[in-house]
Amino acid sequence: MGVAARTVASCGALACVCATSTLRGAPTIQSQATAVTFTDITREAGLEFHPVNGASPQKHIVETMGSGALFFDFDGDGWVDVFLVDGGSVSEPAVAARARHRLYRNQANGRFEDVTGASGIEHHEYGMGACAADYDNDGRVDLYVTSYGPDQLFHNDGNGKFTDVTRRAGVGSELLGASCAFADIDNDGDVDLFVANYVDPDSRKVCGDARARAYCRPDVYSGVPSAMYRNNGDGTFTDVTTASGLDRTDGKALGVVFADYDNDGRMDLFVANDLTRNFLYHNEANGSFKEVGLPAGVALASDGRVRAGMGTDFGDYAQPVPQPGQGSLCGCNVRIGRRSSDTPISRIRRRVLRLRQRRGSRSRDCQWARPR
């Protein structure tokens, strides 16, 4: 599987973060028998961060979604840095003013330094997710931030400085952008941009009962089309959503990842949707994509039902050394309600592993699907 280098996606919901990088030449993975443990070093690393979610009596749906995060080497020193997206407030300007994104520079000693103030990265809308890539091929990794409100593209000027070039680049979607990803969809040497848009967050929607107002479920809201921007190679982009066949409103996108799942030399696209079926878009090499999620067996869960798709990633779980054309797809979901018995369907054999974490009536599933 040829995964595009520096293609990074993060989603706001549940603060899922998905990242992909070139798999060829990766080091041999340690034996599964090797014990692996993790230690929480957030405080010692200087990365304590408390996002502003702006919870309000109006119960806006974005208040239920954690903001995203991103690893990328913004200063090119070989050490991976951290970018954390902050939320804000839809209804309270004073609360919104407290929100600010964070850019942490890796000091190469186990600690990170907050360099946001000097970076030029400003917080304007309710932040959701982020992705990074060198869109103008100048050798520096640039940054895109999705929001409830106009998204932002920040050009990496070097020396730790970024400039907001959203308007000039033509990528300032005002829909509720949950996550995003860069990849070269037409093999012209310039990375293109996909923005996963969620729902129409209509504030007139009211849920709950006479006792209390509650947050509405995602299926109360209408879906909106995501966006595909083709890189023109001159610092600007063209919206090719309709031309590429991606202008559908029956999805509610939260997670996204690019990969060449069939090894035909073209980047394909998977979109994790919330309480609607997932989309797998095959790159048709003529500027368009064909949705093949159902026949590929990745549109629904093993019982034939939709799930609350959140984050997603491609990777190789089975091979000691990742091999081209052998990638697998993971989608992380939240399932609400009682567990029903699994109903075998013809596509189940593609799902080879499921990890479940149960919390009361909610369970979180990661489902793996591997191409045959």
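Taking Lys and Arg as +1 and Asp and Glu as -1, the other residues whose beta-carbon sits under 14 Å from that of Ile41 total -1.
Straight-line reach from Lys205: taking Cα to Cα under 21 Å and skipping same-chain neighbours fewer than 8 places apart, the lysines in range are Lys59, Lys252.
Rounded to the nearest whole Å², what accessible area per residue is found for region 248-316 with the 1.4 Å probe?
Numbers: 2080 Å² over 69 residues.
I get 30 Å² per residue for region 248-316.
Ordering Arg248, Arg167, Arg217 by accessible surface, largest first, gives Arg167, Arg217, Arg248; the 1.4 Å probe counts only protein heavy atoms, with every chain in place. To put it simply, the accessible area of region 63-167 at a 1.4 Å probe is 49 percent carbon and sulfur.
Give the accessible surface of region 65-133 per residue, rounded to a whole number of Å², with probe radius 1.4 Å and ligands, DNA and RNA excluded.
On the way: 2850 Å² over 69 residues.
On a per-residue basis, 41 Å².
The values are calculated or read from the model by the stated rules, or taken from the named source; none is laboratory data. Quick caveat: nothing in here was measured; it's all calculated off a predicted structure. Using ideal geometry, Cβ is built from the backbone for each residue, glycine included, and neighbour counts are taken over all protein chains shown. Just so you know, the surface numbers come from the protein's heavy atoms only, side chains and all, with ligands and any DNA or RNA stripped out. Shrake-Rupley method; radii C 1.70, N 1.55, O 1.52, S 1.80 Å.
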